[in-house]
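The values are calculated or read from the model by the stated rules, or taken from the named source; none is laboratory data. All values derive from a computational prediction rather than experimental measurement. FYI the Cβ positions are ideal-geometry reconstructions off the backbone, even for glycines, and counts take in every protein chain you see. For the accessible areas, the whole protein counts, side chains as well, though only heavy atoms, and no ligand, DNA or RNA atoms are used. Shrake-Rupley method; radii C 1.70, N 1.55, O 1.52, S 1.80 Å.
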Amino acid sequence: MIDEIDRQLLDELQSDCKRSLKEIGASVGLSAPSVMERVRKLENAGIIKGYHAFLDARKLGLDISAFIGVSISDPQLLQAFETWVDSVAQVLECHHVTGGFTLVLKVKTPDTEALEQLISRIRSMDGVAGTETMVVLSTHTERAEIPLPPSEPASDTRRRKRPRRSADSPQTPQSA
């Protein structure tokens, strides 16, 4: 389980993971060593899976984005297709979905010729019954950040410390 501070750390890391641990700690009220300890725990738990730069595909010559719906005719051939997909750099995402397709692929290619070649390769794979391609004309929103659900008060099971009383504060009698 993650607590509210972990959520804040994850938000800070998602917005800019290049910031120093000291800067992140200042944002969440922890020291740099405490931030590092929590980050390591989140990494070991598999919550943080890596750190990546968010690149502009168009500026790198990948002008075509598309979604390709793929229908697989035989469920026993699905794993082989997914293994093949893992080896194809143009496929950024592969999702097993409900509806008219078995899988939806998000791809980026330099041009329509490369997209057509990729579609031909997909269609030639064993078990592929058909494809449907939707070329992206423009992108309004593309996020890499995961929205974190709000924490629930009951999920924080740690005991909260009471504020210390100073020697000058008046003692109040306890009720019996």
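Data for the structure
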read-out: Average accessible area per residue (Å²) across the range 57-136 - probe 1.4 Å, nucleic acids and ligands excluded; value: 59 Å²
read-out: Net dipole in debye of the range 57-136 [+1 Lys, Arg Cβ; -1 Asp, Glu Cβ; about Cα centre; nearest 20]; value: 240 debye
read-out: Computed accessible area, LEU30, all protein chains, 1.4 angstrom probe, square angstrom; value: 40 Å²
read-out: Gyration tensor (Cα) of the chain, equivalent ellipsoid semi-axes in angstrom; value: 50, 20, 14
read-out: Cα centroid separation, the range 97-143 to the range 1-35 (Å); value: 37 Å
read-out: Ratio of the Cα radius of gyration of the range 4-45 to 2.2 N^0.38 Å, where N counts its residues; value: 0.98
read-out: Calculated FRET value between ALA57 and MET134, using beta carbons and R₀ = 25 Å, to 0.05; value: 0.90
read-out: Accessible heavy-atom area order of LYS22, LYS106, highest first, probe of 1.4 Å; value: LYS22, LYS106
read-out: Viscosity 0.692 mPa s, 37 °C: Kirkwood-radius Stokes-Einstein D of the range 57-136 over Cα pairs, µm²/s; value: 259 µm²/s
read-out: Solvent-accessible area per residue, Å², over the range 4-45 with all protein chains present [probe radius 1.4 Å]; value: 60 Å²
read-out: Hypothetical label at MET125: residues of the range 41-83 whose amide nitrogen lies under 15 Å (7 Å Cα-Cβ projection); value: 67-83
read-out: Calculated [θ] (222 nm, deg cm²/dmol) that DSSP helices of n ≥ 4 give over the chain, each run adding -39,500 (n - 2.57); value: -9000 deg cm²/dmol
read-out: Where the Cα pairs of the range 1-97 fall when distances are cut into 5 Å bins, in %; value: 2, 10, 16, 14, 11, 11, 13, 13, 7, 3, 1, 0
read-out: Theoretical FRET efficiency, 1/(1+(r/R0)^6), r = Cβ-Cβ of SER34 and ASP86, R0 35 Å, to 0.05; value: 0.40
